[in-house]
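The values are calculated or read from the model by the stated rules, or taken from the named source; none is laboratory data. Note that the coordinates shown come from a computational prediction; the quantities given were computed from them, not determined experimentally. Cβ coordinates were reconstructed from backbone atoms using ideal geometry, including for glycine residues, and neighbour counts include every protein chain displayed. Please note that ligands, DNA and RNA were not included when accessible areas were found on the heavy atoms of the full protein model with its side chains. Shrake-Rupley method; radii C 1.70, N 1.55, O 1.52, S 1.80 Å.
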Amino acid sequence: MSKDYSQLYIDGMHRCGYNEGDNARRQFISFFTECLNNNDYKRITSNAGFDHELFCAAVAQLMTSGCWGCSNHGPYNIMEFFSLSKDQADFIIDNIPRRLSGLAKGAILASEQNE
């Protein structure tokens, strides 16, 4: 991992009011690694010239937060956790399974409405 995305995830969870620690970090790293090794995701990010690790960090964030049963929008806002631009977030949302993209879209929309 060129960046410590797992620490960025844990820091983001703390900002959202969750007290996640080592178990959440291990789960995040597991999902992150699984994504890194996914040939379909590798092809998608390579063809678009998109940072594969950043893409996988967002996927791992959504999957880990979903597994922990997070009930508010904060843990699903991929833009805030990894400082993504709207274009970066849209690329990720357009290229992940619908159940994950729905979580991300809803969180981003809720955040925009609260501003």
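The calculated 222 nm mean residue ellipticity attributable to helices in the chain amounts to -22000 deg cm²/dmol, summing -39500 (n - 2.57) over DSSP H runs of n ≥ 4 and dividing by all residues.
Place the peptides 78-90, 43-55 in order of packing, highest mean first, counting for every residue the other Cβ atoms within 10 Å and averaging per peptide. Let's see the in-between values first.
Values: 78-90: 17.0, 43-55: 14.6.
Order by mean packing, descending: 78-90, 43-55.
By a 1.4 Å probe calculation restricted to protein chains, D94 has an accessible surface near 120 Å², given to the nearest 10. Largest to smallest in accessible area, the residues R98, R26 fall in the order R98, R26 (1.4 Å probe, all protein chains included).
Carbon and sulfur atoms: what percent of the 1.4 Å accessible area of the chain do they account for? Intermediate values should be presented prior to the final figure.
Values: 2780 of 6150 Å².
Carbon-and-sulfur percentage of accessible area, whole number: 45.
Take the Cα of N19, step 7 Å toward its Cβ, do the same at D51, and the gap between the two points is 3.2 nm. Among all the lysines, which ones have a C-alpha under 20 Å from K105's C-alpha, if same-chain residues fewer than 8 places away are not counted? Excluding near neighbours in sequence, the set is K86.
Kindly report the accessible area of region 46-101 per residue (heavy atoms of protein chains, probe 1.4 Å, no ligands, DNA or RNA), in Å².
Details: 2560 Å² over 56 residues.
Accessible area per residue, region 46-101: 46 Å².
With the simple spin-label model, which puts each label point 7 Å out from Cα in the Cβ direction, the R26 to D4 separation comes to 1.9 nm.
Under a 1.4 angstrom probe, counting protein chains only, how are C67, C16, C56 ranked by accessible area, largest first?
On the way: C67 80, C16 35, C56 0 Å².
The ranking, largest first, comes out as C67, C16, C56.
Local charge for A89 was computed over the other residues whose Cβ lies under 12 Å away, with Lys and Arg +1 and Asp and Glu -1, and equals -3.
With contacts defined as alpha carbon pairs under 8 Å and 6 or more residues apart, what's the relative contact order of the chain in percent?
Values: 108 pairs, mean separation 28.1, N = 115.
Contact order relative to length: 24 percent.
What figure, in Å² to the nearest 10, do you get for the accessible area of E34 with a 1.4 Å probe and non-protein molecules left out? In the full protein context, E34 sits at about 110 Å².
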